[in-house]
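Student: Sharing a structure with you now.
Quick note: the coordinates plus some simple rules give every number you see, no bench work behind them. All values derive from a computational prediction rather than experimental measurement. Virtual Cβ from ideal backbone geometry, glycine too; neighbours counted across all protein chains shown.
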Amino acid sequence: MTFDAYAPTVDPRTLVLARLVGTLAEDAVFAISCGGGTSALEGLGKRRGEAYGAVLQGHRLNTMATETDPWTAELTRAMAPIHAPQWMPMADVVREKVTLEVGARGLRSLFSSKPSDKDVQRVKRLGTLATRVLRAVFVADGPLDAEEQRTILGLVASLGLPDAEANTLLQEGPVPVEQLDVYGDIDASVAKALLRGAWLAAAHDQIDPREEHVVRVLGNKLGVAAMDLEVMRNETVQRVDQRRLLGLAVVDAIRFVLVDRAPGHGVTLAAKAGTLVLPRRYRDEALAPIGHGARVVLARRYGQLSGDDRDAALAIAWAAALYEDPSMARRALLRARHDRVAADFGGDGQKARSSIEEWFMDVLAPAAYSLGGD
C-alpha cells in the first residue's frame, strides 16, 4: 500500500457536520409533512437545538429509519406549538392551544415561560379527553395495532405533560364512548376540533360503522347538531382524499431523485415519508411499487396538486436528496433530476431547493463555528 503525502486529510469536524446533515434531512421531511410548509423549519430548528448539539458531541439520536416510534414522538412534540401534524387526527385540538409546549401567554410570558396552573389544568382535561376519544375510535373496530399506538403516543407527547402524567395516560385502557366524562366548559372550537379528530381517526383507513357510532355519540355529548356533524364528516373525507395525491407525489419524487440509492436510503426515505404523508387507506397504492422495484416514470400525473402541496412535495424530495451530504458533483446530478420532477409537477425546483438549503446552512454554519479550530 502506498501513502500519498499530498492527499488531503479529512477534518473530523466535517464528519460530525455530515452526521448532522442526515438529522436535518429527516427533521425537514417530518416538518414539511406536518403541513406547515418550509416556514415551519425555523421554529423546529430552534426547538431541536439541544438534539443538534448532542449530534455535534458524538451522541446518536433516534432516527426515522430505525427508531420510528420514539423519533415520531420527539418530532411531534417539537412541532406541537409550530404546526401540529396534519396526519395526526387530533392535530386541530392541539392547535387550540391544548399543549403545554406553547408556554406562558399574554403579559405573563414577559416574566416566565412556565404555563399557569389554569393552562395546565385545561391541557390535562382536554388532552385527556382527546386521547380517550382517539383510543375509543381506534378500538371500535378491533384491538390497537402498532400504528394506532404510535399515533396515540404522538398525541400524548404533543400535549407536553409531565412524564408521570403522560405515562399514566398512555397506559390507560379504552373507555367506552358512552362512559366518556365530558365535563366542564368546552369551547365550540375545541368541541369541533375533537369531532374532526374523531372523524379523521375513523377515516384514516376506512370509516367503520362502529367507529361512526363512537363519533356520533360524542357529537351528542358535545351538543353538536347532526347536520353539522355530517358536514364535518364530509369535509374530513375530502381532507383525507386530498392527502392521497400529495403522498403519491412525495414518494415518486424521492424515488426519482434517489433512483441510484435503491436499495438504500432512496427506498427507506421514500417509504418513511410516504407513511407520514399518506392516509392508511392509500398507502399500499404508493408503497407497493417500492417493494417491487418498479422504476418511476414521470407522466404529469400531479397537475391537480395545489400550489402548497406541490411546493411541499418538491421540498421533501430535496431534503431527502441532501440526506447523505452529497458532494458538489453529485448534487449537480441530483439537481438535474429534481428539476425534471419539478417540471413534471409544474413547480419551481429552485424555490424548493433554496428554502431547504437556506435552513440547512442556518443550522450548520453556527454549528461549525461552535466546533472551533482554524
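Student: Hey, got the dipole for the stretch 233-374? About the Cα centre, +1 on K and R Cβ, -1 on D and E Cβ, debye to the nearest 20? Walk me through the numbers on the way to the answer.
Tutor: Numbers: 21 positive and 18 negative charges, 131 e Å.
Approximately 620 debye in magnitude.
Student: Relative contact order of the chain, please, whole-number percent, based on alpha carbon pairs below 8 angstrom and at least 6 residues apart.
Tutor: 21
Student: Calculate the spin-label point distance for Leu144 paired with Glu285, positioning each point 7 Å from the Cα along the beta-carbon direction, and give it in nanometres.
Tutor: Calculated label separation equals 2.9 nm.
Student: What is the dipole size for the chain, taken about its Cα centre, with +1 at each Lys and Arg Cβ and -1 at each Asp and Glu Cβ, in debye to the nearest 20?
Tutor: For this selection, approximately 380 debye.
Student: For Ala188 paired with Asp260, estimate the spin-label separation in nm (one decimal), with each label point 7 Å from Cα along the Cα-to-Cβ line.
Tutor: Going from the Ala188 label point to the Asp260 one covers 5.9 nm.
Student: Which of Glu324, Glu285 has the fewest other C-beta atoms within 10 Å, and how do the rest follow up to the most?
Tutor: Glu285, Glu324
Student: What order do you get for 162-172, 14-24 when each peptide is scored by the mean count of other beta carbon atoms within 10 Å, highest first?
Tutor: 14-24, 162-172
Student: In the Gaussian network model of the chain, springs joining C-alpha atoms below 10 Å, which of Ala136, Ala343, Ala270 carries the largest mean-square fluctuation?
Tutor: Ala343
Student: What is the Cα convex hull volume of the stretch 86-224 when expressed per residue in Å³?
Tutor: Details: hull volume 14.5 nm³, N = 139.
Residue-normalised Cα hull volume stands at 104 Å³.
Student: Whole-Hz Karplus ³J(HN,Hα) for the stretch 163-170, in order, using 6.51 cos²θ - 1.76 cosθ + 1.60 and θ = phi - 60°, x for Gly and Pro?
Tutor: Along the stretch 163-170, the couplings run 4, 4, 6, 5, 5, 4, 5, 5 Hz.
Student: Over the stretch 86-224, what is the mean sequence separation of C-alpha contacts under 8 Å (at least six apart), divided by residue count, expressed as relative contact order in percent?
Tutor: 36
Student: Among His213, Ala188, Thr151, flag the residue with its Cα farthest along the positive direction of the charge dipole of the chain, charges on Cβ as +1 for Lys/Arg and -1 for Asp/Glu.
Tutor: Among His213, Ala188, Thr151, the one farthest towards the positive end of the dipole of the chain is Ala188.
Student: Need one number: nm distance between label points at Val120 and Ala332, each 7 Å from Cα along Cα→Cβ, rounded to one decimal.
Tutor: 5.9
Student: Say R0 is 41 Å: what FRET efficiency, to the nearest 0.05, do Met227 and Ala18 get from their beta-carbon distance? Please report the intermediate quantities before stating the final value.
Tutor: Details: r = 56 Å, r/R0 = 1.38.
It comes to 0.15.
Student: Based only on other Cβ atoms within 10 Å, what is the fewest-to-most ordering of Leu194, Leu333, Leu126? Present the calculation step by step, with values, prior to reporting the outcome.
Tutor: On the way: Leu194 29, Leu333 14, Leu126 24.
Ascending Cβ contact count within 10 Å gives the list Leu333, Leu126, Leu194.
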